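Below is one structure, written out as structure tokens; comments come after it.
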Amino acid sequence: MPTTGASGSGSIAAPSYATMPSKLEIGRRYQSQTRVEEWMTAAKAGNRGVDVLSTPMLLQLIEEAAVQCLAPVLASDDVSLGAYVDLTHLAPTPVGFIVRMEVEVISIDGPRIDFAVAAFDEREKIAEGTHERYMMHRPAFLSMLDAKTE
């Protein structure tokens, strides 16, 4: 079903979602880790004096882990798109600490994939929550972008 743009003057076609790859199963997991650097801190994002991993950077790292979890099973003309995040940032992580992100597919419903997500530093769990992504054909996604900028 077409949707109308904000101005009401135009129509963007309904998205063309990807068919779920047969190799994607509930329970699929991925882990990644990185060392917290100064440029990743809340201080660098404008929160003066807070030299710990920023929440937006934590979210980016978790989202990157979810993307990498799906990458091996995606068709070459498909993309995964982040749609929803429910994340609790539980504890601060100072510069120099290593953080580990863990994601696990917990639900697959058509093109929607839900992940349980968690992050840990060298001492404790620092975040937990859920993340939702949608599989979509890349050409359809690019067409939506083109229609939006016309």
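The values are calculated or read from the model by the stated rules, or taken from the named source; none is laboratory data. Since the structure is predicted, the reported quantities are computational estimates derived from the model, not experimental observations. Note that we place each Cβ from the backbone using ideal geometry, even for glycine, and neighbour counts take in every protein chain shown.
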- Message: Against the condition of a type outside the set (Lys, Arg) and surrounded by 15 or more Cβ atoms within 10 Å (Cβ to Cβ), how does residue 98 come out, does it pass?
- Response: no
- Query: Taking interchain pairs and intrachain pairs at least six residues apart, which have beta carbon atoms under 8 angstrom, with the first residue in the stretch 37-62 and closer than 16 Å to residue 100 by Cα and in contact (Cβ under 8 Å) with a residue 12 or more places away in the chain and the second assigned to a helix (DSSP H, G or I) and among the polar types (S, T, N, Q)?
  - Reply: none
- Message: Take the residues in the stretch 2-31 that are outside any loop (DSSP other than H, G, I, E, B) and surrounded by 16 or more Cβ atoms within 10 Å (Cβ to Cβ); name whichever of them is modelled with the lowest pLDDT.
- Response: 12
- Query: Regarding residue 83, is this residue modelled with pLDDT of 95 or more, surrounded by fewer than 14 Cβ atoms within 10 Å (Cβ to Cβ), closer than 22 Å to residue 28 by Cβ and among the hydrophobic types (A, V, I, L, M, F, W, C)?
  - Reply: yes
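This table checks each residue for (1) over 15 Å from residue 117 (Cα atoms); (2) of a type in the set (A, V, I, L, M, F, W, C).
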{"residue": "25", "(1), (2)": "yes, no"}
{"residue": "28", "(1), (2)": "no, no"}
{"residue": "43", "(1), (2)": "yes, yes"}
{"residue": "49", "(1), (2)": "yes, no"}
{"residue": "60", "(1), (2)": "no, no"}
{"residue": "70", "(1), (2)": "no, yes"}
{"residue": "84", "(1), (2)": "no, no"}
- Task: Those residues that are exposed (fewer than 11 other Cβ atoms within 10 Å of the Cβ) and either modelled with pLDDT under 65 or not in a helix (DSSP H, G or I) (or both), I need them from the stretch 36-51; list them, please.
- Result: 46, 48, 49
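Residue-wise test of (1) surrounded by fewer than 16 Cβ atoms within 10 Å (Cβ to Cβ); (2) charged (D, E, K, R); (3) touching a helix residue (DSSP H, G or I) at 6+ places or on another chain (Cβ under 9 Å); (4) within 28 Å of residue 23 (Cβ to Cβ).
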position	(1), (2), (3), (4)
59	no, no, no, yes
67	no, no, no, yes
125	yes, yes, no, no
131	no, no, yes, yes
142	yes, no, no, yes
148	yes, yes, no, no
- Can you name the residue in the stretch 81-138 that is in contact (Cβ under 8 Å) with a residue 40 or more places away in the chain and aromatic (Phe, Trp, Tyr) and is also nearest to residue 33 (Cα to Cα) among such residues? 97
- Hey, residue 116 hits all of (1) under 25 Å from residue 25 (Cβ atoms); (2) not in a strand (DSSP E or B) but one; which does it fall short on? (2)
- Message: Testing residue 75 on (1) assigned to a loop (DSSP other than H, G, I, E, B); (2) under 28 Å from residue 142 (Cα atoms); (3) at pLDDT 95 or above, one condition comes back false. Which one is that?
- Response: (3)
